[in-house]
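I have placed the structure first, in the form of C-alpha cells, so that the comments after it can refer back to it.
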Amino acid sequence: MAEADPLLPRDAPIVREDVTRSTFRVDRRAFVDPAILKRERDHIFSTCWLYLGHASELKRPNDFLIRSVGGRELVFNRDRKGAVHAFFNVCPHRGAQVVRESSGNAMSFRCFYHGWSFNNNGQFASRFDAETYPADFNAEGCANLRSVPRLDSYRDLWFVNFSAEGESLSDYLAGAKEIIDLAVDHSEIGMEVVGGTQEYSIRANWKLLAENSNDGYHASETHSTYIDYLGVSTGYGAQALRNAKPTLSRGIDLGNGHAVIEYAAAWGRPVAQSIPTWGEHGKAVIDAKRARLEELYGPDRARRIARGNRNMVIFPNLVINDIMALTVRTFYPEQVDELHVTGWALAPVDEDPQFRAWRLDNFLEFLGPGGFATPDDVEALESAQKGYRNLAEVPFNDLSRGMARAEKLHDDEEQMRAFWREWSRRVEGVA
Amino acid sequence: MTEWAVAMTDQGATASLGRAAFEDFLFHEAALLDEWRLDEWFALFTEGATYEVPTAGAPDGADPQTTLFYIADDYARLQHRIDRLNKPGAHSEFPRSKVMRVISNVRILSENAEEARIGCCFVTYRSKNDVTDVFPGHHRYLLRKTADGLRIAAKRSYLDLTNLRPQGRVSIIL
C-alpha cells in the first residue's frame, strides 16, 4: 500500500501527529485532491465494511430495495425463503440494471433490455431454445446475478464488503458494537426504520461530514439558534441550558477508526429522559421505561442507555446518533467536493404513538434538510470547502484540541484523530 | 391533521371568491417571502396553523406523526422558525439567500363560505454562495375567510423531486 506516489511523498504526509508536542495537523490537500479521492475509493470504500441497510426495511419475503454503497449500486433484498442478499444491480448479459424501481416486492427480477430473468436468490432463470447456448452455459454461474463478496449483519444492521479478504464484520466493528448495543437495547422487541428517507447533498468533501458528525466542539457556536429554541421547547429556558455544566462528557476511540462522543444533554430522549413539556403522562411513561431498563440491565447500564447521548462514527462513513432521536446516516463522495447523504430515523418497534410523534418532532427540530441545525452544519462544511481554496498559503487543519489532556472530553477532538489515524493507515500506508 | 388527499377535480365552488382573489393572496404571500418580510408572512397564518414539507416525492396525504418529513411545524414551531431565520445565528441563511418564487396553475380544489382548499404549482429559486438551487413542487393550502381577509390555516409544500440532491437543504420557506 505504501508504493511511491508523487502526490504523497513520504516526507510530507497528509496527517501529521506530533505526540511530544501534542499537536495534530491535517494537510488540506486531503479535501481537494482528486488523486486522493481515487486512493480513498481503492483503499477505503473497496476494502472497509460499509453499511447497507436495516433488516426492518425488508419486512416480508421478496421485499427489495436499491442502495448506493461505495460507488456501486446494489439490490438489497429478501428472497422467497426470507434470506437476505445483496446483488450488484447489473445484468450479467449486457449490463442494464435488473431493478429500476427504488423499492418493492418481487419474486424475480427481469432485465428490461433483453428479458434475461433471475430468481430473487440471484439464480439465472431464463429458458432458451436448445442449442442457443452450450448445455453447460451457466455451469460457473456466469449468468447469475453477482453477489457482493461479503455480506454480514450485527443486530439487524447489514453491511457489505467489496473485498473478499480481511477481517470479519465483528472484528471490524470492534468497540463500536458496544455503542450499537446501547442504541438497539432501547427496545426489547426490536428496532425499525421509520418511514421516509432523507436524501440530500453537501458541496464539500465527504471527510468534512465524518468530522462534523461527532464534533461536540462546534455546537454552541454553529447551533446557537437551536439552543435558543431548545430552551423554550423543553421548558428549561435557553440561559439555563447555556449555564449547565456538561456531565458524562468523554470522547472515546473505539478502535479501527471508529469513535464516539458521550455526554448528557437537556433535550427529551424518548427512550428514557423526560422534559417538562412532555407533562405528567410523559414523565410517568419515561419513569416506567427507566425502571424496566434497570430491571433488565442494572442501574449503571440503564443510566447510560437512558441519559447518555452518543454521536458515533463507524469508519469510514456510518453515523449512529443516539441523541434526541436515533438516527442512522451514511454518506459518500460524489466528487472530491461533493458528498451525498442518506439519513434514516430508527425507533423501537413497540413505541407508543405519542412518543413516536415526539421522537419525529425531536428529529425534525434538529436534524435533516429542514431542521434548525443541520442546514447550518451544511453551510459550515461548504464554507470550509471554499476556505480550502487558500490551501497553498494556509495548508493545515488543526485537530489538537484535548490532545494534551489525559481524559478526553466530548468537545475535544480525539474522535477525529482516531478517524484520521485510520485514514492515514489505509490511504498513506502508515503502519 | 388536515386532510390533504383532496380529489383533484373537486370544485364545489359555491359563493366563490373567484380564482383571482386567491391568486392575489398567493402572489402577495410569495412577495413577502421573496422580500424576506418574514414577520408579515407569519401574520398571514391563523393560530393553530401548520406548515409542512414532506420528504421529496412523498405522496399527497403523508402523515408527519408516523413518517419522516423535512419540516412539520405546528404554530409555535413555525414562530420559532421565523425567529430563527431573523437571527444572524441562522448561518445557512445569513447572509441571506436571494430568493424568487413563481406561483402558477392556481386551482380552487374546494370552497365553502368559511374556507377554501387551494392548489398551485411553484418554482422557487434560491441563490447563495455562487450557486442557484431550484425547488419545483406544488403547494396545498387550507385558507380561512376572515374579517381581515384570507388567512392560512395549513400550508403543505410538496417537492416534485425524487430526492434533495443537489439542493441539499430546505433552509428557506418554500
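The values are calculated or read from the model by the stated rules, or taken from the named source; none is laboratory data. Every value quoted in this text rests on a predicted model; they were computed, and no experiment measured them. As a convention, Cβ positions derive from the backbone with ideal geometry for all residues, glycine included, and neighbour counts pool all protein chains shown. Each accessible area value is taken on the protein alone, full model and side chains, heavy atoms only, with ligands, DNA and RNA left out. Shrake-Rupley method; radii C 1.70, N 1.55, O 1.52, S 1.80 Å.
A few remarks follow.
- Among the residues making up the stretch A:1-27, those that are modelled with pLDDT under 90 and over 17 Å from A:Leu37 (Cα atoms) are A:Arg10, A:Asp11, A:Ala12.
- Residue tally, condition within 14 Å of chain B (Cβ to nearest Cβ) and either touching a Cys at 6+ places or on another chain (Cβ under 7 Å) or open to solvent by 30 Å² or more (accessible area, probe 1.4 Å) (or both), over the stretch A:194-223: 8
- Matching entry among A:Glu192, A:Glu178, A:Glu167 (being under 21 Å from the mean Cα position of the chain (by Cα), among the acidic types (Asp, Glu) and part of a strand (DSSP E or B)): A:Glu192
- Here A:Arg100 qualifies as within 29 Å of the chain's Cα centre (by Cα) and part of a loop (DSSP other than H, G, I, E, B).
- Looking across the stretch A:250-292, the residues that are part of a loop (DSSP other than H, G, I, E, B) and within 27 Å of A:Asp215 (Cβ to Cβ) come down to A:Asn256, A:Gly257, A:Ala264, A:Ala265, A:Ala266, A:Trp267, A:Gly268, A:Pro270, A:Val271, A:Ala272, A:Ile275.
- Of all the listed residues (A:Asn121, A:Asn89), the sole one being open to solvent by less than 60 Å² (accessible area, probe 1.4 Å) and assigned by TED's automatic domain parsing to the domain that holds A:Arg146 is A:Asn89.
- Against the conditions (1) outside any loop (DSSP other than H, G, I, E, B); (2) within 17 Å of B:Ser157 (Cα to Cα); (3) within 9 Å of chain A (Cβ to nearest Cβ), B:Leu26 satisfies every one except (3).
- Search result, residues across the stretch A:345-385 that are open to solvent by 20 Å² or more (accessible area, probe 1.4 Å) and over 23 Å from A:Ser201 (Cβ atoms): A:Val349, A:Asp350, A:Glu351, A:Asp352, A:Pro353, A:Gln354, A:Arg356, A:Trp358, A:Asp361
- Matching residues, the stretch B:59-75, being small (Gly, Ala, Ser) and either open to solvent by less than 10 Å² (accessible area, probe 1.4 Å) or more than 7 Å from chain A (Cβ to nearest Cβ) (or both): B:Gly61, B:Ala62
- Members of the stretch A:123-149 that are in a loop (DSSP other than H, G, I, E, B) and in contact (Cβ under 8 Å) with a residue 40 or more places away in the chain: A:Cys142, A:Ala143, A:Asn144, A:Leu145, A:Arg146, A:Val148
- Residue match in the stretch B:151-162 (condition: more than 14 Å from the chain's Cα centre (by Cα), of a type outside the set (Val, Ile, Thr) and either open to solvent by less than 10 Å² (accessible area, probe 1.4 Å) or away from chain A (no Cβ under 14 Å) (or both)): no
- Strands (runs of 3 or more DSSP E) contained in the stretch A:293-385 and holding at least 1 residues at the interface with another protein chain (Cβ under 10 Å from one of its Cβ atoms): A:326-335, A:338-348
- Residue in the stretch A:268-276 that is closer than 26 Å to A:Pro375 by Cβ, open to solvent by 30 Å² or more (accessible area, probe 1.4 Å), within 14 Å of another protein chain (Cβ to nearest Cβ) and not acidic (Asp, Glu) present: no
- Close pairs (9 angstrom Cβ cut-off, 6 or more residues apart or separate chains): over 10 Å from A:Phe31 (Cβ atoms) in the stretch A:386-397, assigned to a helix (DSSP H, G or I) and open to solvent by less than 70 Å² (accessible area, probe 1.4 Å) anywhere: A:Asn390/A:Arg28; A:Val394/A:Arg28; A:Val394/A:Gly387; A:Val394/A:Tyr388; A:Pro395/A:Arg28; A:Pro395/A:Arg29; A:Phe396/A:Arg28
- For first residues located in the stretch A:357-382 and in the same structural domain as A:Asn311 (by TED's automatic domain parsing), partners that are basic (Lys, Arg) and modelled with pLDDT under 95 and lie 6+ apart or on another chain with Cβ distances below 7 Å form the pairs A:Pro369/B:Arg169; A:Pro375/B:Arg169; A:Val378/B:Arg169.
- Taken across the stretch B:117-129, residues that are open to solvent by less than 30 Å² (accessible area, probe 1.4 Å), under 25 Å from A:Asp361 (Cα atoms) and touching a Pro at 6+ places or on another chain (Cβ under 8 Å) do not occur at all.
- When the residues of the stretch B:83-96 are filtered to those that are in contact (Cβ under 8 Å) with a residue 24 or more places away in the chain and surrounded by fewer than 19 Cβ atoms within 10 Å (Cβ to Cβ), the one that is farthest from the other protein chains (Cβ to nearest Cβ) is B:Arg96.
- Within the stretch B:29-58, tally of residues that are assigned to a loop (DSSP other than H, G, I, E, B) and within 14 Å of chain A (Cβ to nearest Cβ): 4
- Among the residues making up the stretch A:225-255, those that are touching a residue at least 60 places away in the same chain (Cβ under 8 Å) and open to solvent by 50 Å² or more (accessible area, probe 1.4 Å) are A:Pro246, A:Leu248, A:Arg250, A:Asp253.
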